[in-house]
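Undergrad: Input: one structure, supplied below.
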Amino acid sequence: MKFGILTGGGDCPGLNAVIRAVARKAFLNNDVVFGFHYGWKGVIEGDGNWLTHYHVSGILHRGGTILGTSRTNPYKTEDGEKKIKQTLEKLGIDALIAVGGEDTLGVAAKLAAAGLPVVGVPKTIDNDLSGTDVTFGFDTAINIAMEAIDRIHTTAESHNRVMVVEVMGRHAGWIALYSGLAGGADVILIPEKPFDLDEVCSIIKTRHERGKTFSIVVASEGAKIDSSKDDSFVVQAKEVDEFGHVRLGGVGNLLAGEIENRTGYETRATILGHIQRGGTPTAADRVLGSRYGVFAYDLARKGEWGKMAALRGQEIIAVDIQDATKELKTVDLDLYEVAEVFFG
Ligand code: F6P
């Protein structure tokens, strides 16, 4: 059987583990795998190469994706779906494995509904994909963010400063919540719970009046200020990508300025940005990526089109990509309440 694989959307630690797993399982069965370059762009253009043992050797520990990625949306490209069909026909590909988040898998769901042989693997550091308990990449991101918060602690303490740490997470605050909880943040701000600046400052003031000389605020890039009432994000650029997303970023600096003005405490902001996505994956993400890859290969072998590998408890199961991409998985507010116990 001939397989194709692509990685789409923002890169994420563990992608190479998935590619390696699909290829290694395929080689065991004398199947072949074509690696498409740069996400859906490669499938539209027929760009990529047949993978050999050489290509997938020594990549397990490497971040990023050996195939490259992009945010190309075939449904925003003229005859995108038709071109994808033509590429699969030309290469004789029987099954396509799409590795991505809501956007890449949203396309996979549409293609499967149109009769194409597509299965999915859930990827995103944001952990906001429904249908699965966890996406790979999330564990690495929260560990990087936690380590950064640990480091920020010692400098905050030495300078008696308030430090705002801005982490990724557009519409879901999973990274902020987990890294903030694990890193002992004094305030955590997430998109799901628009925040009141006076309340944030009052938590910090009370803490300092109790004798603490520094504070750590962890904020998702998508955190919103309640009092602005316009429900808008703080954005870096107004242009949208092919999936309609603006480039977020800036809430950390905005918060730092406001906190310093309102409390009088010296405040600095650190934006972790793409550091959270780069570099070597954790053991958990390597294992999860490998399990997803093997499972997706099996799904495709069985012809279970439109399905995606997902983690449920300790088990990997198959779910409909369509269901998984209907709505984002936002933060469980009960867990946020646990984090609130440690605020201030
Ligand atoms: O979707 C994953 C993600 O890392 C988001 O958390 C973040 O907003 C976005 O990608 C950044 O995208 P880009 O790589 O285009 O800057």
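The values are calculated or read from the model by the stated rules, or taken from the named source; none is laboratory data. None of the values given here were measured: they were computed from a predicted structure. For neighbour counting, all protein chains shown are included, and Cβ atoms are generated from backbone atoms with ideal geometry for every residue, glycine included. All accessible areas refer to the heavy atoms of the entire protein, side chains included, with ligands and DNA or RNA removed. Shrake-Rupley method; radii C 1.70, N 1.55, O 1.52, S 1.80 Å.
Undergrad: Give the residues of region 1-18 that are over 17 Å from the mean Cα position of the chain (by Cα) and surrounded by 21 or more Cβ atoms within 10 Å (Cβ to Cβ), sorted by residue number.
TA: Answer for region 1-18, where residues must be over 17 Å from the mean Cα position of the chain (by Cα) and surrounded by 21 or more Cβ atoms within 10 Å (Cβ to Cβ): F3, G4, I5.
Undergrad: (1) acidic (D, E); (2) open to solvent by 40 Å² or more (accessible area, probe 1.4 Å); (3) within 30 Å of T7 (Cβ to Cβ): which one isn't true of D226, the others all being true?
TA: The number of the failed condition is (3).
Undergrad: Is it the case that A113 is closer than 20 Å to D320 by Cα, touching a helix residue (DSSP H, G or I) at 6+ places or on another chain (Cβ under 6 Å), surrounded by fewer than 24 Cβ atoms within 10 Å (Cβ to Cβ) and touching a residue at least 24 places away in the same chain (Cβ under 8 Å)?
TA: no
Undergrad: With within 13 Å of the ligand (Cβ to nearest atom) and either open to solvent by less than 50 Å² (accessible area, probe 1.4 Å) or at pLDDT 80 or above (or both) as the only criterion, which of F233, F243 stands out?
TA: F243
Undergrad: Could you tell me which of the residues T87, T155, T65 is within 16 Å of the ligand (Cβ to nearest atom) and of a type outside the set (D, E, K, R)?
TA: Exactly one residue qualifies, and that residue is T65.
Undergrad: Quick one: how many residues across region 177-230 are under 18 Å from V331 (Cα atoms) and of a type in the set (D, E, K, R)?
TA: 5
Undergrad: Just to check your reading of the model, which residue among E157, E166, E147, E192 is in contact with a strand residue (DSSP E or B) (Cβ under 8 Å, 6 or more places away or on another chain) and among the charged types (D, E, K, R)?
TA: Of E157, E166, E147, E192, the one residue that is in contact with a strand residue (DSSP E or B) (Cβ under 8 Å, 6 or more places away or on another chain) and among the charged types (D, E, K, R) is E166.
Undergrad: Let me ask another. Restricted to region 62-85, and to residues that are of a type outside the set (A, V, I, L, M, F, W, C) and outside any loop (DSSP other than H, G, I, E, B), which residue is nearest to G9 (Cα to Cα)?
TA: P74
Undergrad: A further question on this structure: Any idea which residue in region 94-142 is farthest from the chain's Cα centre (by Cα), counting only those that are polar (S, T, N, Q) and assigned to a helix (DSSP H, G or I)?
TA: T104
Undergrad: Further, regarding this structure: Go through region 288-337 and give me each residue that's among the β-branched types (V, I, T) and touching a residue at least 40 places away in the same chain (Cβ under 8 Å).
TA: Correct list: V294, V319, I321, T325, T330, V331.
Undergrad: Tally time: how many residues in region 266-277 are under 30 Å from G68 (Cβ atoms) and either among the β-branched types (V, I, T) or in a loop (DSSP other than H, G, I, E, B) (or both)?
TA: 5
Undergrad: What pairs come out if I take residues in region 186-202 that are in the same structural domain as R161 (by TED's automatic domain parsing) and touching a residue at least 12 places away in the same chain (Cβ under 8 Å) and pair them with residues that are surrounded by 15 or more Cβ atoms within 10 Å (Cβ to Cβ) and among the hydroxyl-bearing types (S, T, Y) whose C-beta lies under 7 Å away, six or more apart or interchain?
TA: D186/S215; L189/S220; I190/S220; I190/Y336; P191/S220; E192/T330; K193/Y336; C201/T263
Undergrad: Separate question: Picking from G101, G58, G63, which residue would you name as being modelled with pLDDT of 95 or more, within 26 Å of A284 (Cα to Cα), open to solvent by 20 Å² or more (accessible area, probe 1.4 Å) and in contact with a Pro (Cβ under 8 Å, 6 or more places away or on another chain)?
TA: G63
Undergrad: Scan region 71-93 residue by residue and report those that are under 21 Å from the mean Cα position of the chain (by Cα) and open to solvent by less than 30 Å² (accessible area, probe 1.4 Å).
TA: Listed by number, the residues that qualify are T72, N73, P74.
Undergrad: Further, regarding this structure: Would you check if there is a residue in region 170-193 being within 16 Å of the ligand (Cβ to nearest atom), open to solvent by 60 Å² or more (accessible area, probe 1.4 Å), closer than 19 Å to G273 by Cβ and in a strand (DSSP E or B)?
TA: Within region 170-193 (the criterion being within 16 Å of the ligand (Cβ to nearest atom), open to solvent by 60 Å² or more (accessible area, probe 1.4 Å), closer than 19 Å to G273 by Cβ and in a strand (DSSP E or B)), the answer is no, since none of the residues qualifies.
Undergrad: Of everything in region 246-265, what is exposed (fewer than 15 other Cβ atoms within 10 Å of the Cβ) and either in a loop (DSSP other than H, G, I, E, B) or in contact with a Phe, Trp or Tyr (Cβ under 6 Å, 6 or more places away or on another chain) (or both)? Give them in sequence order.
TA: Matches in region 246-265: G264 only.
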